[in-house]
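This report concerns only the one structure given below.
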Amino acid sequence: MSAPALLETKGLTKSFGNVKAVRDVDLSIPRGSTFGLVGESGSGKSTVARLVLRLIEPTSGEIRFGETDLRALKGDKLRRQRRKMQMIFQDPFGSLNLRMTVGETLTEPQSVHGLGRNDAERRARGEALLAEVGLPAAAMDRFPHEFSGGQRQRIAIARALATEPELIVADEPVSALDVSVQAQILNLMRDMQAEHGTTMLFISHDLRVVQYMCDQIAVMYLGEIMERGPRHRIYEMPQHPYTQALLSSVPGSPKEDGKRAKLKGEIPSAHSVPSGCAFRTRCPHAFDRCKVEVPVMHQLGEGQEAACHLLDR
Ligand code: SF4
């Protein structure tokens, strides 16, 4: 039995005008686990990240954090809740305040949330966080531009940890970094997760990264979940044609056997989501029914589910 969910969404939907960027997304992330949300750019993954942190408001649906109904929180209660939920962004340069020293970056969130008894304690905790992410205490008095991209992402991770969060949402945290640095940052995030027992929603377009990091995986396409399940089921026996095509596109993957169709063409715009199955315009197996009927989720065992009419057969 898996641990109870720390984060749960039901029917999560977000429209921007007539565009439904996220449609009916159900997620359940067990406490202490790392959950991967994967898909191409334009699939709605980052919108889900912002919705679950209430950085943007859902159009409809539920978001629960433990026992708390997140959508019902306002003002002070929402601010207090934010301490428990932190985000790591793709571009640490964009997400760090360039006019603040690293010390200020690490002590400010503690002050805002009333952590530490005084400045000295908060500074000591800042230094301890730096040590945890592999940076010297002397970094406290320097500015973000004095560091490399990988070091800046270490600072962003230290900042995320500063409020002792229960949930970290990491949105493409290594895709802006040099390949040589990516593995170091991923290892750091894994160590951090093991050490603190933090629950993580890990968002990436890169299936190799998600495979390395995540216990459970959901595959998104045009705002919907196409398939989800435990890592070994998704990688060893993907059932949705989109998941299969994504895996075939990964160089060196065991699924890159040349037999499966690779993913062709571009993801359609969220302004013109195809009728029926959203994936049908790129699916090598599409047939008449796919045009008119939205496929339902099929339960495939061990928590794996996929939405495709082929699974009716
Ligand atoms: Fe392809 Fe049809 Fe399955 Fe959609 S429902 S993935 S179009 S076969």
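The values are calculated or read from the model by the stated rules, or taken from the named source; none is laboratory data. All of these numbers come straight from a predicted model, not from anything done at the bench. Neighbour counts are summed over all protein chains in view; Cβ atoms, including those assigned to glycine, are modelled from backbone coordinates with ideal geometry.
Here are the numbers for this structure:
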quantity	calculated
Complete set of residues in the range 128-139 that are part of a helix (DSSP H, G or I) and farther than 19 Å from F93 by Cβ	A128, L129, A131, E132, A137, A138
Neighbours by Cβ (under 9 Å, 6+ apart or cross-chain): first from the range 224-238, farther than 24 Å from P274 by Cβ; second modelled with pLDDT under 95 and in a helix (DSSP H, G or I)	R231/V210; R231/Q211; Y235/L207; Y235/Q211; Y235/L247
Index of the failed condition, A278 passing every other in (1) in a loop (DSSP other than H, G, I, E, B); (2) in contact (Cβ under 8 Å) with a residue 12 or more places away in the chain; (3) more than 8 Å from the ligand (Cβ to nearest atom)	(3)
Residue list for the range 284-307, restricted to those being surrounded by 15 or more Cβ atoms within 10 Å (Cβ to Cβ) and either near the ligand (Cβ under 9 Å from one of its atoms) or not assigned by TED's automatic domain parsing to the domain that holds E236 (or both)	A286, C290, P295, A306, A307
Qualifying residue in the range 209-223 (condition: more than 16 Å from the ligand (Cβ to nearest atom) and assigned to a strand (DSSP E or B))	yes
Complete set of residues in the range 68-124 that are at positive phi and either loosely packed, with under 12 Cβ neighbours inside 10 Å or of a type in the set (A, V, I, L, M) (or both)	G75, G114
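Yes or no, residue by residue, for (1) within 22 Å of L53 (Cβ to Cβ); (2) in contact (Cβ under 8 Å) with a residue 24 or more places away in the chain:
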residue	(1), (2)
G114	yes, no
R117	no, no
L129	yes, yes
A139	no, yes
R142	no, yes
H145	no, yes
Q153	yes, yes
